[in-house]
Amino acid sequence: MSAWGQSPDRAKLSPWLRQIARVQNSVPSQEGPVRQKAQQSPLVHAFVRLTPDGNKALSENGCQSLASYGNLHIASIPINRLSAMSHDPRVLRIEASPSNHVLTDSMAIHLHATDVYTGQGLPQAYTGKGVVMGLMDVGFDLTHPNFYSRDTSDYRIRRFWDQLSQDTIGSPFPVGRDFTTKEELLALGHSRDGLDLTHGTHTLGIAAGSGYGTQYRGMAPEADICLVANAVTDDLPYIDSTDVYKYTFATDALGFKYIFDYADAVDKPCVISFSEGSMQDFYGYDQLYYEMLDSLTGPGHIMVAAAGNEGNNRSYLRKERGLPSAGAFLRCADTTMMVVLKSSDLFNMRLVAYDNPYDTLLIASHQVVAAPDSTLDIDWAGYHVLVEGYNSCYDEADMCYDITVSNPLTIGYKPRLSLELTGTGADVELWKVNGQLTTYAENLLLNGGESTHNIHSPSSAPCVISVGATTYRDHIINAQGEKMSYWGGTGGVLTDFSSKGPTMDNRIKPDCVAPGNNIISSYSSFFMESHPESSDLNWNIATFPFNNRTYAWTANSGTSSSSPAVGGAIALWLQACPTLSPEDVRGILERTCRHNDPDLDYPNNYYGYGQLDVYAGLLEVLQIAEHIDIPRQHTSASISLRPGQLIITLPEASDSHVPLRLYDLTGRPVLSTTLPASIQEHTIVLPSLPAGVYALTIGNGSTLIRISQ
């Protein structure tokens, strides 16, 4: 028997795998030739669900299981075996999707700036010590002093897997290799893409940077650090064409597993921040991915991800039942634009090219379903139009339709191009995949579209804490003293770029928000060396020397910046309670987040549960409020400890006495006094106390301090 020319089973393969399976078709299925050919075929990393007795389906097709939880595997699969595997009754589903893009505010420029990150007023008692802060990102400068302890005596990066590394001799990893000692890491210097990308250097600084003597301290400045450099769209120049199929969501899942496995090996809790993502879909690209993330997360294993930066784009359009039509103009600077429709009703799609004369293409949804492979392929008005129909992975009663419009130039500029959905009895939803939904004077009635329903994956996964971005400042002052403005709003409002829910299966996301606009953090010294004329350097706040290299602090924006802030905050909570689960964290957010917009109900698809309150959340974790009548507002006073003394500096001198109380964590008061009026700095003599954490209240604020013997 032969599998040559066999069409893949559409129900079992996700669409990207169906596409590459058609290009690289299967080979004869006799065992000898299969094993020989499988080694020559390009490999793809994919999620595979098998029947309970189906493990041999992998070995018989020359596959390698890279990780497994029950009958769900991450596997390395020869592409020329995909079609045959899809027809194997022991194989229930094979799923893979290309990699993500980074979620800064602009993908074309590595660093954009908006708001200054001046430290988060961390409780003095909790710094992330004893917790693993994991990041998977791109563009790491491993030598930045921000990743040492504040006095640089301890280099805190413990492990690093560079999935793009070409130094793979003897490596047990399916791509790249890892580096496990300080000497190896510093000799390496940067991730393979670190000469051209900077994103990971910035996000890591927000999550766990020590600040190196500045106020630009990360949220968990004493956490251990474990990193993975994965592949995103900007990394394609570094990847050999024969290896491109290895860099998928499945490979990302292996990266998350690598970080959690390290944390387990050293018996420490772990939180991972992920500031990348891609659009959700109705194919089911994410179903096995999310199931794998469910398996990886749990008590002491938390994952946080950026919601996305599509909030200022019209992403979603709905024609409700009873309306005769709704639509918008399509525009894309690329040669191809794609939108996705979903409906359980019959309706019509009308494309109009506004040339002279106008050209109209009318397609009925039932025509698509009735066509071979539910696919229409049409050349029309200088465009190539491809319409593909399939059942929604969330509800088989809903049909989905991918409309892909392409030509050799651009989409919708000359001539204008509109898409209108018609049919009074139909309820139809539309999501744009790329390009823009817009309005032109040629037909002002086609003005549909709203900036919602655009949460990225895997932030959309139920087990992942999804983070949107708020804004407080509209500019920074760069190292040259120039004002660099990037307006995003002030006062803690949601930034215009922050993606909004719901998810495609109608769940509320994001889960919370945090500052993500004009955030200052570490910058790659290797990028500065390689690109000394880059306009990105105009956003540097300061440069400084360390170990004969020049480093910088720079400003950036995006949910890429808010996600690691929340990840670092959760590291503090894990230090206080190492067994916190994702459900526990979501409960803490529900009870402690601040509500920026009091007119909204919470949770909602803009702010989630609200803006993260690190300190109130920490009090909730420790359950201090059960024992002590303590203000949940973190004090604005600056506090430091000397042997036997507490040094308190108020923001300004008070006109009246300020009460001060110190409690142990059982609620027992151990010190009660007042700070005299008209004095800004105070020295308080402490009684003899056992080492531990204490709650300190100063006026209407409080904090936690750690007293050592």
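Taking the stretch 266-280, which residues are in contact (Cβ under 8 Å) with a residue 24 or more places away in the chain and not in a strand (DSSP E or B)? Break it down into steps so the answer makes sense when it comes.
If we filter the stretch 266-280 for residues that are in contact (Cβ under 8 Å) with a residue 24 or more places away in the chain, which is where we start, we get 266, 268-280.
Listed by number, the residues that qualify are 266, 268, 269, 275, 280.
Criterion first (over 20 Å from residue 332 (Cα atoms) and part of a strand (DSSP E or B)) does residue 363 satisfy it? If you could, list the steps in order and put the result at the bottom.
Numbers: over 20 Å from residue 332 (Cα atoms): yes; part of a strand (DSSP E or B): yes.
Yes: the conditions hold for residue 363.
Assess whether residue 341 counts as being in a strand (DSSP E or B), open to solvent by 30 Å² or more (accessible area, probe 1.4 Å) and either under 28 Å from residue 13 (Cβ atoms) or free of Cβ contacts under 8 Å to residues at least 60 places away in the same chain (or both). Don't jump to the end; show me each part of the working.
Working: in a strand (DSSP E or B): yes; open to solvent by 30 Å² or more (accessible area, probe 1.4 Å): no; either under 28 Å from residue 13 (Cβ atoms) or free of Cβ contacts under 8 Å to residues at least 60 places away in the same chain (or both): yes.
Answer is no for this residue.
Does at least one position in the stretch 366-382 carry a residue that is under 21 Å from residue 446 (Cα atoms), under 38 Å from the mean Cα position of the chain (by Cα) and surrounded by 18 or more Cβ atoms within 10 Å (Cβ to Cβ)?
Within the stretch 366-382 (the criterion being under 21 Å from residue 446 (Cα atoms), under 38 Å from the mean Cα position of the chain (by Cα) and surrounded by 18 or more Cβ atoms within 10 Å (Cβ to Cβ)), the answer is no, since none of the residues qualifies.
Within the stretch 668-683, restricting attention to residues that are touching a strand residue (DSSP E or B) at 6+ places or on another chain (Cβ under 7 Å) and over 24 Å from residue 652 (Cβ atoms), which residue is surrounded by the fewest Cβ atoms within 10 Å (Cβ to Cβ)? Break it down stepwise before answering.
We begin by selecting, within the stretch 668-683, every residue touching a strand residue (DSSP E or B) at 6+ places or on another chain (Cβ under 7 Å); these are 669-675, 680-683.
Then keep just the ones that are over 24 Å from residue 652 (Cβ atoms); that gives 669-670.
Working: 669: 12, 670: 16.
Here the answer is 669.
Quickly run through the stretch 472-510 and pick out the residues that are open to solvent by 60 Å² or more (accessible area, probe 1.4 Å) and of a type in the set (S, T, N, Q).
Matches in the stretch 472-510: 480, 485, 490, 506.
So if I check each of 532, 515, which one is under 19 Å from residue 206 (Cα atoms), of a type outside the set (A, V, I, L, M, F, W, C) and open to solvent by 10 Å² or more (accessible area, probe 1.4 Å)?
On inspection, the qualifying residue turns out to be 515.
Among (1) in a loop (DSSP other than H, G, I, E, B); (2) open to solvent by less than 60 Å² (accessible area, probe 1.4 Å); (3) in contact with an Asp or Glu (Cβ under 8 Å, 6 or more places away or on another chain), where does residue 178 come up short?
Result: residue 178 passes all but (1).
Quick one: which strands (runs of 3 or more DSSP E) lie wholly within the stretch 608-667 and hold at least 3 residues that are open to solvent by less than 60 Å² (accessible area, probe 1.4 Å)?
Details: elements: 638-642, 645-649, 658-664.
It comes to 645-649, 658-664.
Mind checking whether some residue in the stretch 423-438 is in a loop (DSSP other than H, G, I, E, B), surrounded by fewer than 18 Cβ atoms within 10 Å (Cβ to Cβ) and without any contact (Cβ under 8 Å) to a residue 60 or more places away in the chain? Give the steps one after another, and end with the answer.
To start, the set of residues in the stretch 423-438 that are in a loop (DSSP other than H, G, I, E, B) comprises 423-427, 433-435.
Okay, now just the ones that are also surrounded by fewer than 18 Cβ atoms within 10 Å (Cβ to Cβ), so 424-425, 427, 433-434.
Filter again for without any contact (Cβ under 8 Å) to a residue 60 or more places away in the chain, leaving none.
No, the stretch 423-438 has no match at all.
Which ones in the stretch 314-334 are among the polar types (S, T, N, Q) and surrounded by fewer than 19 Cβ atoms within 10 Å (Cβ to Cβ)? Explain how you work it out, then say what you get.
From the stretch 314-334, those among the polar types (S, T, N, Q) are 315, 325; that's our starting set.
Residue satisfying the conditions is 325 alone.
Within the set of pairs 6+ apart or on separate chains, which have a first residue in the stretch 385-397 that is in a strand (DSSP E or B), a second that is surrounded by 15 or more Cβ atoms within 10 Å (Cβ to Cβ) and of a type in the set (D, E, K, R), and C-beta atoms under 6 Å apart?
Pairs that qualify, where the first residue is in a strand (DSSP E or B) and the partner is surrounded by 15 or more Cβ atoms within 10 Å (Cβ to Cβ) and of a type in the set (D, E, K, R), are 388/402.
The values are calculated or read from the model by the stated rules, or taken from the named source; none is laboratory data. The structure presented is a predicted model; accordingly, all values stated were derived computationally and were not measured. Quick reminder, even Gly has a Cβ in these numbers, built from the backbone with ideal geometry, and neighbours come from all protein chains shown. What goes into the accessible areas is simple: the full protein's heavy atoms, side chains included, and nothing from ligands, DNA or RNA. Shrake-Rupley method; radii C 1.70, N 1.55, O 1.52, S 1.80 Å.
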